[in-house]
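No lab work stands behind these numbers, since they all come straight from the coordinates. Since the model is a prediction, treat every value here as computed from it, not as a measurement. Every residue, glycine among them, receives a Cβ derived from its backbone with ideal geometry; neighbour counts consider all protein chains shown.
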Amino acid sequence: MNNGNSNNGFVVWLTGLPGTGKSTISAELTKIFQEKGFCTETMDGDEIRKGLSADLGFTKEDRQEHARRVAFVSKLLARNGVAVNVALISPYRSFREHARNEIENFVEVYVKTPLEVCMERDPKGLYAKAQQGEITDLTGYQDTYEEPLNPEVVIDTCDTTPEGAAETIVSKLDELGYFSN
Ligand SMILES: Nc1ncnc2c1ncn2[C@@H]1O[C@H](COP(=O)(O)OP(=O)(O)O)[C@@H](O)[C@H]1O
Ligand SMILES: [Mg+2]
């Protein structure tokens, strides 16, 4: 909950399989946060892997370290008033619990889409590569994804548009008191 400090931002942590819609929904959230007058930043897993996590691969240890770095930077931003979107597969519950424990204003959003639909969308061609054996550790297809047990929000992207998803998330943030200052 917001502790009443008007400098407090928050972290919306979007987790889900590749192609589920995390980056797309995050872009919609960014627009809304800007309209509300927030400074906003997106911590997108793919982008972070080009910079801060350029040294990391896809072992469990590296995925954990990637999530740890994202959580660390997100925490610094949020405590300085930034509305942060994290768009990160973050496949393990324990990583997400670490982030929840680290970050004061943490809102977990499970972007839920059936694997078959993600495979049809395949926005980055990753599932095709996995099917051809060019990738051997794709989350959801070959590697573990642990569904959230108690996320603040679940978005089923087969039932809603990206704009609708963003509105649902914003309503939850409002309910939790993040827009009250
Ligand atoms: N309701 C929806 N929410 C989000 N994305 C959707 C939705 N319906 C279809 N899509 C499409 O699914 C794809 C999701 O890709 P992306 O956002 O890059 O996924 P992720 O970041 O989770 O890997 C995009 O091509 C997007 O247009
Ligand atoms: Mg993405």
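Starting from the Cα-Cα distance between K50 and K31, subtract it from 0.36 nm times their residue separation and give me the gain in nm to one decimal. Don't skip to the answer; put the middle values down first.
Values: separation 19, 0.36 × 19 = 6.84 nm, distance 2.37 nm.
Using 0.36 nm per residue and subtracting the Cα-Cα distance, I get 4.5 nm.
Using 1/(1 + (r/R0)^6) with R0 = 22 angstrom and r between the beta carbons of V154 and F72, what's the FRET efficiency to the nearest 0.05?
So the FRET efficiency works out to roughly 0.25.
What nm distance separates the two modelled labels at E102 and N80, each placed 7 Å from Cα along Cα→Cβ?
About 1.6 nm separates the two model spin labels.
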